[in-house]
Amino acid sequence: MNILILGSGGREHTFAWKLAQSNKLSKLFVAPGNAGTEKIAINIPIGVNDFDAIKKLVLEENIELVFVGPEDPLVNGIHDFFLNDQELKTIAVIGPEKLAATLEGSKEFAKEFMMRHHIPTAQYKSFTSETVEDGFKFLEELNPPFVLKADGLAAGKGVVILNDLNEAKIELKSMLVDEKFGAASATVVIEEFLDGIELSVFVLTDGDSYKVLPTAKDYKRIGEGDTGLNTGGMGAISPVPFADKAFMDKIEQRIVKPTVEGLKKDNMPYKGFIFIGLIKVGEDPKVIEYNVRMGDPETEVVLPRIQNDMVELLKAVANQTLSNIDLKLDDRTATTVMTVSGGYPGSYEKGKEIKGIESIKDSLIFHAGTTLKDGKVVTNGGRVMAITSFGTDFKSALAQSYINVEKLSFEGMNYRKDLGFDL
Ligand SMILES: Nc1ncnc2c1ncn2[C@@H]1O[C@H](COP(=O)(O)OP(=O)(O)O)[C@@H](O)[C@H]1O
Ligand SMILES: [Mg+2]
């Protein structure tokens, strides 16, 4: 079968690497891809939101399955675009339809979904510019810290947590009235602050049955000890050591099952991956957010631990036969360390030659922001390259990743040396 992956990051390289291991794969395309996918697939220089160009490619190359990496095209309705097109409607798309993708596209929509299906999450109220005064009153009723969330997609920057009531009011006004995040903050969700340790659980569903995939923990801040600005993710560990059987059972019964059942009850067709961001409060899991796709860099540790044939898994999702499949997981721990450009997540330069790739041994290399220039691999983004390793525990896996990260070099290269510090 011919498959197309949409996206260009470490997540997409990891999916390409996993799909390429299947003898059920014929041709693999990635749009637009990076220097890593170029080696194992055919890169096509079209954007993930260029639906017409994607249609043309799919028809010309007899593509039978499209895996959608990032959230943007899902929230923009790529799955519906395929279903509503006479020539495309039989082609499998992995990723939810537009309505279900709103679970990521609107925090208020996600909150209402969780309330309706009794899924544990922080108490909240939402406000618009017309109700900003009510928002101030609500803040006065809460205890600090105050959690303010722009409703729409804001590239990971739309959540602000403040300790001071007055600052929270100023922030609320700036989001609602001064449109700090544009249309994304026309509605703001104010939430009760939850105190605990975070983890993510990944679920694969065909809309009917589901598989709980490995857990992971990612590190979002640029600085050691989880300080400094937020990034797309500086590394990840799977499984999460504190997510034992009892805790996982709670997650499955209280969160995963009602989520998949809720999607069915609400008539929201969903074929794809669900990323559930969780926080462990005492001994209980609560949902922070849903994402409607795999995480990056979590994919770089979750996929290597799945032993099933990925073409078979994705086909089963498309055909709604996922319940026939036995998920097989590698018990070892996987860790990934992300190397990033100097200055990231602020401004940074691109086009720096990456040296030492060929000297990496006993780890997996997943390209994120890279491209080929005159036959050389050069940087092409903030997050550049992830090094994934296995170990009997997260410490030994991380030690292996760091040995190999130290062999890599490019001008300005940075990475976090303290992953797992909180475990
Ligand atoms: N109710 C909450 N209590 C405590 N921390 C929160 C809460 N909601 C969000 N956070 C923190 O803010 C981060 C970002 O929030 P999230 O809802 O995941 O938004 P996004 O990923 O879209 O920016 C979370 O990973 C978590 O660290
Ligand atoms: Mg998040």
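Summary of computed values
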{"read-out": "Among the listed pairs Lys271/Lys328; Lys125/Lys173; Lys98/Lys264; Lys18/Lys257, those beyond 23 Å (Cα-Cα)", "value": "Lys18/Lys257"}
{"read-out": "Size of the range 311-365 as Cα extents on the principal axes (Å, biggest first)", "value": "48, 27, 19"}
{"read-out": "Calculated from backbone phi, Karplus (6.51, -1.76, 1.60) coupling profile of the range 84-92 in Hz, x at Gly/Pro", "value": "8, 10, 3, 7, 10, 5, 8, 7, 6"}
{"read-out": "Label-point gap, in nm, between Glu406 and Glu312 - each point 7 angstrom along Cα→Cβ", "value": "4.0"}
{"read-out": "The range 3-97 - percent of accessible surface contributed by carbon and sulfur, probe 1.4 Å", "value": "46"}
{"read-out": "Per-residue HN-Hα couplings for the range 179-193 [Karplus 6.51, -1.76, 1.60; θ = phi - 60°; Hz; x = Gly/Pro]", "value": "6, 3, 10, x, 4, 4, 10, 5, 10, 10, 9, 9, 10, 4, 7"}
{"read-out": "Reference-scaled alpha-carbon Rg (2.2 N^0.38 Å with N residues) for the range 124-191", "value": "0.95"}
{"read-out": "Under 5 Å, built H, 5+ apart or other chain: amide partners of Val93", "value": "Val66"}
{"read-out": "Gain in span if fully extended, Glu60 to Asn76, counting 0.36 nm per residue against the direct Cα distance", "value": "3.4 nm"}
{"read-out": "Partners for Lys137 among aspartates and glutamates (Cα-Cα distance below 16 Å; same-chain residues under 8 apart left out)", "value": "Asp164, Glu167, Glu171, Glu191, Glu192"}
{"read-out": "Most to least packed among 301-308, 331-338, 405-412 [average Cβ atoms within 10 Å]", "value": "331-338, 301-308, 405-412"}
{"read-out": "Residues whose placed amide H lies under 5 Å from that of Ala368, excluding near-sequence neighbours", "value": "Met385, Ala386"}
{"read-out": "Compactness of the range 1-90 - radius of gyration and Dmax, Cα, Å", "value": "12.1, 34"}
{"read-out": "Mean ellipticity per residue at 222 nm, deg cm²/dmol - from DSSP H runs of n ≥ 4 across the chain, formula -39500 (n - 2.57)", "value": "-8000 deg cm²/dmol"}
{"read-out": "Cα convex hull of the chain - mean projected area over all directions, nm²", "value": "19.9"}
{"read-out": "Under 5 Å, built H, 5+ apart or other chain: amide partners of Arg416", "value": "Met338"}
{"read-out": "Lysines whose Cα lies under 21 Å from that of Lys352, excluding same-chain neighbours fewer than 8 positions away", "value": "Lys39, Lys373, Lys376, Lys407"}
{"read-out": "Calculated from backbone phi, Karplus (6.51, -1.76, 1.60) coupling profile of the range 131-137 in Hz, x at Gly/Pro", "value": "10, 4, 5, 4, x, 4, 4"}
{"read-out": "Under 18 Å from the Lys395 label point (7 Å along Cα→beta-carbon), backbone N, the range 332-355", "value": "332-336"}
{"read-out": "Average Cα contact separation per residue, the chain, under 8 Å, 6 or more apart, as relative contact order %", "value": "17"}
{"read-out": "Shape parameters for the range 340-423, alpha-carbon atoms, Rg then Dmax in Å", "value": "13.2, 43"}
{"read-out": "Sorted peptide list for 157-165, 272-280, criterion being average Cβ within 10 angstrom, highest first", "value": "272-280, 157-165"}
{"read-out": "Stretchable slack from Ser174 to Asp284, in nm (0.36 nm times residue separation minus alpha-carbon distance)", "value": "36.2 nm"}
{"read-out": "Rg to Rh quotient for the range 106-240, alpha carbon positions, Kirkwood Rh", "value": "1.00"}
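The values are calculated or read from the model by the stated rules, or taken from the named source; none is laboratory data. As the structure is a prediction and not an experimental result, all values here were calculated from the model. Don't worry about glycine lacking a Cβ; one is built from the backbone with ideal geometry, like all the others, and counts go over all protein chains shown. The accessibility values were calculated without ligands, DNA or RNA, using every heavy atom of the protein model including side chains. Shrake-Rupley method; radii C 1.70, N 1.55, O 1.52, S 1.80 Å.
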